[in-house]
Amino acid sequence: MEFRPRNYSAEEQSHAVTRVRADDHPLSAAPSSALHLQVAVVDHGNSDFFDPLRSSDDDGAVSRDVLLEVDNVSSVGLSSEASMQNSAKEWTSFNRILMQKFPVAKMISVSSMSSAIIKGGKMYEKASTSTHLEELEDPQKVAEDGAKLITRNEYVSRLHELKDEIIRAWRASDRVTTLKLSIKVARLLMDTTVLQFYPTLFVLATDIMDTLGDMVWERIKWKAEFAEDGARIYSLPENFQASDIYSDAKETCYNWFCKIGAIRELLPRIYLELAILPCWRFLTDRPEESFQHMVMMTRGLADPLASAYCRLYMAHCIEKFPTRDKGYLVKCVNDIKNLLSWVVSVKETANGNIIDNKRLLVSLMEPTIEFITKCIFKDVTQKQVGNILVELELGRNEVELFGNFPCVSIVLHHLLKELPIEVVSSSAVEILHVIECSNDYSFDQCLNYRLLGFRLCESKSQTDILNTVADKIIQVVTQYDSLDEYLKVVDAFLDIIFQNQMDNHLSTVLEGISKRACNKGPTEDELGSLQSILVKLLSYYDGLQEILALNHFLEILDVMYGSSRSIVNMHILNMATRTACIDGPTTIQLLFEISQALHDDMDFLNVKDDDNQPAHLISRFVCMVDYGAEIERHLTFLVECRGAFGSITGLKETLIHSSNCLAIKSLKNGSKHLGFVKSCIAFCEVTLPSISVPIRQLNLYLETAEVALLAGLVSHSDGLINSALSCLQGLDLMDGSRMPIDVDGIVSSIRKLCGLLVMVPGNPEQGATYFAKNILSLIDLQSWMKPKVRTKIFCAIVSLTATLSQNKLPYHGKVLGNDHLFFGDSSYSNELTLLAKYVVQNLVDAIQQEPSSAARGSLALEACNCIATSFIASEEISPICTKLLETAKSCLSHNDRYLQSTVKFMDRHWPSSSIAAAV
Amino acid sequence: MSIELKLSRTSRVYRPSELLEGKIILKSPSSISHYGIRLTVNGSVSLQVRGGSAGVIESFYGVVKPIPIVNKNIEVKPSGKIGSGTTEIPFSINIKKPGEENLEKFYETFHGANISVQYLLTVDIMRGYLHKSLSSTVEFIVESDKADLLEGPIPSEMVIFYITQDTQRHPLLPELKSGGFRVTGRISTQCSLTDPISGELTVEASAVPICSIDIHLFRVESVLLGERIVTETSLIQTTQIADGDVCRNLTLPIYVILPRLLTCPTISAGPFSIEFKVSIVITFQSELSKLHSKSDPGTPRLWRALETLPLELVRARV
């Protein structure tokens, strides 16, 4: 058995592709041809390719015309089914939100007004005996607080029962009962003492109202279309006229209005009339005339809550008509406005309906304002907006859309929310004035400023307008003492400040924040705003340096804490690590502190290692730090990091990489830094054992060993290789069944180790093949080493021994290689040959153990190639190769490319042998 | 066996000069023979005296002889036989023949407390002595003939009213007297029966919170009893127009649909008269009112301010 002698440099030369000078850079395409290509694309696009983004100009015009046409159709035709369905859907979802928005206590105190509920449901009498006594003593008191308790569920189920009763009565043609029960339901809405339950009550009750309205509509429609005996006499078109309606049907319809008109109480009368509002179409072609009357009637409801919800229902009912006139809704909003200012001005009275907590009242009313303003601004034209604003008493005339008239701030808020964006951006200054003069407790003024800011961000406004607005806003916020308000407003306008390069404002704002925040630490709410502001700031600038140069930035950062602080820190780190490298001691120090804060705030127990964003960022930061020539300082930094971020597992790998890089860097600069390299390697050696993932640890050991070898530190590299081997040994124990071991990764690491071993000078005391033998013994011990893996490792070792046997090694480290150390030493070559023999034998055995035949075939080929390249053909070797080839032939198809090329290879290199013939 | 009268109009409203049309519907399991089917139209003003300004004795002998308006008897079918199953016999009657002299003017149908003007149509099937005669009655409603009505649209007459602590003729709560209030507005005093009572109202000031503002509609029925006229005022309908302490200086609409049958054109005939009143009642929040929650809403009370105005109702040409 004899190793094949190799001349690596000659082989390299013969195999290397001859180099030819290229004229062009492969990535820079020839300019002329590219241009040609582009033109071709454009031409193509014009003919039959429709690019929705590019040809928007002409096509957009067409579609607008179509839209206009659709508009006309819907305004001519009385009802367009689709839009009706759409608004019905909106109403349903609005109702759902309404019910969810206000949490309801389990028990509801019901006043004696709500007799419909009390009669039906079981009542929890307030200790009946004591009530009786009280009644004797003070009858007035009992009369006064006729409040009783009922559970929420009972209340709701009672309402459902009422609905069922109403439908049942209707089916039995008992219309009187239907009406009576409906009035009862509507009357429930008079009791606003239920407070948070009111929205839910409203939703349930108006559902019943709508049901009634639909039933009446259908009945009258039926009367108009069918004779008494059920024969169809007329078919009503979708957009029928009042003249199409048979007088009998009209009579019935009118009768309903009379019946409802005779209801004494105002609120149920309004609700029921609204429920059958669509029926006006049977009586008149201008049903809109009745809206006016309804709007006016609702003014008689003094209870703010009841009247606001009544108007909400009105808006819903008017939505059922395809009218474009928004005047009624505008009046509603105006009335709500008046009512609110009235409520604001009235002092607390004995009246139970005026709620002590006005804020609660306003919050309960808010959804109604929201819905109505949404309805108002739903597909309005520019001209209509002008009219609406004038009618809302905001504008003087259609040109001056906003005078300096105050408005109830919560109404203003929702108006501002719904105003078309063009109006907002063109009249921003005027709107600002309105906000300025509208300040009451119904809504925080600062939130309106804030909203204006956000709305302005939606589109591009003229610079002069924005400048005026920004100047004004800065003036306004300067007056604020509260940090919270300051932040809320500033946050909204920050984008505008950035986009228009108002740097002076930015510094004012930062100063303002720091002044207010540093006196007293920010609260949780304020932290949120601060976070938003700082994140915007960070995303606006490209480089960290610019931000750090801003006055007060660091002060503001310092007052932050908790998760907001962490988020801002993460943004800073993210930003810093986007650049090529991080240098400058102050920057590094700052980022180090930030990382430390982030690290201290991290919740390591709850975060999975894989998606731990802060940990990734910190690792990345550490990796990117560059002290330039101050490598000692850099190493110290790494040491500090190890101390500071002990709990981040991934970071240690980064530290080792960085340290190795440092060592290489110093090596390149000359060998005078050997002491430094030693410290780097010492650092790695100390850090390595604490890495918990064995495979990573293994690779890092190898990496460090390489570096050590490169620096000529043989004893270090020996030690590191030993550690790597013991790490391999411990692999099984460590991982066990917890997760599948990355076998291929390990194999490639071991191959890499074999490659490294070529350079490692053999230790005469331990024998030159000490490490290779160690690897072999390891294979026998490890249960997870399947035949496939073993084959591959055996092959690697065969190649290793073959390489080591050469007179000139293919590559060398800084230290003397084995070729120099053991040149001509027969015991050395004997040792290698012995080892190779042993391995080859094992190799053949291992292949036979492979259960899968396909795998066995390719393994046999691999081994065959390896052996053929490593040894000279001999009596000892040839049968082995023949056997391997036979194995491969039996396992693989005849056409297998690998098999064919192997056979060809054998033919060329071992022509004398009988292998080819045998195959 | 059943008999039913069905009028041609579901509203059952007819004018005196129009034909009263409809059908008699007979359902019978077997055929019946009869001595004739007759229809009777009967209209009258029934009067009674009860309460009001009547004395004890008068109210004891309450019923005053009714005043007949019309009484007609027509044979629809001479004696004969009607087959089994459902039989429909159409009819058509002149309520008032043109040129025919009548007992009394055709007053419009009115259902009041003391006075009621009612028109009935009755069908009778005479079946000899052995069988009970079959009969059925239906009320139809009479509205004045267009020809009898005033030309042109009725000018809607509006009256401006002021209600303050000083306009009240009854005692008020001391806090109302001292704090003061002022409610102004206008309301129609002449009104077509087909139109609502309209108007508007504004609470200009009120120191005491308002509880409710209602519009009460009253009928004033007077009956001539011998030498005396007995008058009674009673409530027809209440319509709330403000619930709670409404905003000051906000105009509220007054809008009351007139109930049918319970109202008619204002009449001043010899033996009786029917008039109407409307009153605006402001109820203030008061502890006292809670004790008297069941009291008559029209009565003046310490916590109420009111303004009553006469209301003339007319039938307009539509």
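The values are calculated or read from the model by the stated rules, or taken from the named source; none is laboratory data. Everything numeric here is computed off the predicted structure, so don't read it as measured data. Heads up, the Cβs are rebuilt from the backbone with ideal geometry, glycines too, and the neighbour counts pull from every protein chain shown.
Miscellaneous remarks
- Of the helices (runs of 4 or more DSSP H) that lie entirely inside the range A:610-694, those containing 1 or more residues that are over 20 Å from A:Val707 (Cα atoms) span A:613-624, A:631-644, A:649-668.
- Residue match in the range A:202-212 (condition: under 53 Å from the mean Cα position of the chain (by Cα), within 14 Å of chain B (Cβ to nearest Cβ), part of a helix (DSSP H, G or I) and on the phi < 0 side of the Ramachandran plot): no
- Selection from the range A:486-521 of residues that are more than 21 Å from A:Asn467 (Cα to Cα) and assigned to a helix (DSSP H, G or I): A:Ser514, A:Lys515, A:Arg516, A:Ala517, A:Cys518, A:Asn519
- Residue list for the range B:223-249, restricted to those being more than 30 Å from A:Pro268 (Cα to Cα) and either surrounded by fewer than 23 Cβ atoms within 10 Å (Cβ to Cβ) or among the acidic types (Asp, Glu) (or both): B:Leu224, B:Leu225, B:Gly226, B:Glu227, B:Arg228, B:Ile229, B:Thr231, B:Glu232
- Odd one out for A:Gly562 among (1) touching a Leu at 6+ places or on another chain (Cβ under 8 Å); (2) at pLDDT 85 or above; (3) within 27 Å of A:Val477 (Cα to Cα): (2)
- A single member of A:Ser426, A:Ser409, A:Ser438 is touching a residue at least 24 places away in the same chain (Cβ under 8 Å) and surrounded by fewer than 21 Cβ atoms within 10 Å (Cβ to Cβ), and it is A:Ser426.
- Unique residue being under 15 Å from A:Ser799 (Cα atoms) and either assigned to a helix (DSSP H, G or I) or not aromatic (Phe, Trp, Tyr) (or both) when the list is A:Ala873, A:Ala855, A:Ala863, A:Ala888: A:Ala863
- Residue-level analysis places A:Ala205 among those that are in the same structural domain as A:Ala105 (by TED's automatic domain parsing) and under 19 Å from A:Ile167 (Cβ atoms).
- Sole exception among (1) under 24 Å from A:Asn574 (Cβ atoms); (2) surrounded by fewer than 22 Cβ atoms within 10 Å (Cβ to Cβ); (3) not polar (S, T, N, Q) for A:Glu632, by number: (1)
- Residues in the range A:238-272 that are charged (D, E, K, R) and under 17 Å from A:Thr323 (Cβ atoms): A:Glu238 alone.
- Residue that is farthest from A:Leu557 (Cα to Cα) [pool: residues in the range A:481-522 that are of a type in the set (S, T, N, Q) and touching a residue at least 40 places away in the same chain (Cβ under 8 Å)]: A:Ser507
- Residues that are charged (D, E, K, R), within 14 Å of chain A (Cβ to nearest Cβ) and in a strand (DSSP E or B), drawn from the range B:5-27: B:Lys6, B:Lys23
- Qualifying residue in the range A:649-658 (condition: acidic (Asp, Glu) and surrounded by fewer than 17 Cβ atoms within 10 Å (Cβ to Cβ)): no
- Which listed residue, of B:Glu88, B:Glu108, B:Glu104, is in contact with a strand residue (DSSP E or B) (Cβ under 8 Å, 6 or more places away or on another chain), modelled with pLDDT of 85 or more and not in a strand (DSSP E or B): B:Glu108
- A:Glu225 being of a type outside the set (A, V, I, L, M) and without any contact (Cβ under 8 Å) to a residue 12 or more places away in the chain: yes
- Any chance B:Glu287 is over 24 Å from the mean Cα position of the chain (by Cα) and either among the acidic types (Asp, Glu) or facing chain A (nearest Cβ under 8 Å) (or both): yes
- For the range B:28-38, a residue qualifies if it is surrounded by fewer than 16 Cβ atoms within 10 Å (Cβ to Cβ) and either within 14 Å of another protein chain (Cβ to nearest Cβ) or over 17 Å from B:Thr122 (Cα atoms) (or both), and the qualifying residues are B:Pro29, B:Ser30, B:Ser31, B:Ser33.
- From A:Asp583, A:Asp525, residue being farther than 22 Å from A:Asn612 by Cα, touching a strand residue (DSSP E or B) at 6+ places or on another chain (Cβ under 9 Å) and exposed (fewer than 15 other Cβ atoms within 10 Å of the Cβ): A:Asp583
- The strands (runs of 3 or more DSSP E) found wholly in the range B:208-278 and carrying at least 1 residues that are facing another protein chain (nearest Cβ under 7 Å) and within 20 Å of the chain's Cα centre (by Cα) occupy B:228-243, B:251-256.
- If you check A:Val844, A:Val919 for being of a type in the set (Val, Ile, Thr) and modelled with pLDDT under 85, only one passes: A:Val919.
- For the range A:156-202, filtered to residues that are among the aliphatic types (A, V, I, L, M) and free of Cβ contacts under 8 Å to residues at least 12 places away in the same chain, the residue that is nearest to A:Ile263 (Cα to Cα) is A:Val176.
- Condition met for A:Ser737 (surrounded by fewer than 18 Cβ atoms within 10 Å (Cβ to Cβ) and modelled with pLDDT of 85 or more): no
- Single residue of the range A:324-342 satisfying the filter (over 16 Å from A:Leu389 (Cα atoms) and buried (at least 21 other Cβ atoms within 10 Å of the Cβ)) that is nearest to the other protein chains (Cβ to nearest Cβ): A:Leu339
- Looking across B:Ser144, B:Ser188, one residue alone is surrounded by 15 or more Cβ atoms within 10 Å (Cβ to Cβ), closer than 25 Å to B:Ala242 by Cβ and in contact (Cβ under 8 Å) with a residue 40 or more places away in the chain. It is B:Ser188.
- Filter result for B:Val278 (surrounded by 19 or more Cβ atoms within 10 Å (Cβ to Cβ), in the same structural domain as B:Ser192 (by TED's automatic domain parsing) and closer than 23 Å to A:Ala306 by Cβ): no
- Count of residues meeting criterion [outside any helix (DSSP H, G or I) and either out of contact with any helix residue (DSSP H, G or I) (no Cβ under 7 Å at 6 or more places or on another chain) or modelled with pLDDT of 85 or more (or both)] in the range A:325-353: 6
- Complete set of residues in the range A:752-806 that are under 23 Å from A:Thr704 (Cβ atoms), in contact (Cβ under 8 Å) with a residue 60 or more places away in the chain and in contact with a Cys (Cβ under 8 Å, 6 or more places away or on another chain): A:Ala772
- Here A:Ala873 does not qualify as over 24 Å from A:Leu776 (Cα atoms), surrounded by 23 or more Cβ atoms within 10 Å (Cβ to Cβ) and over 52 Å from the mean Cα position of the chain (by Cα).
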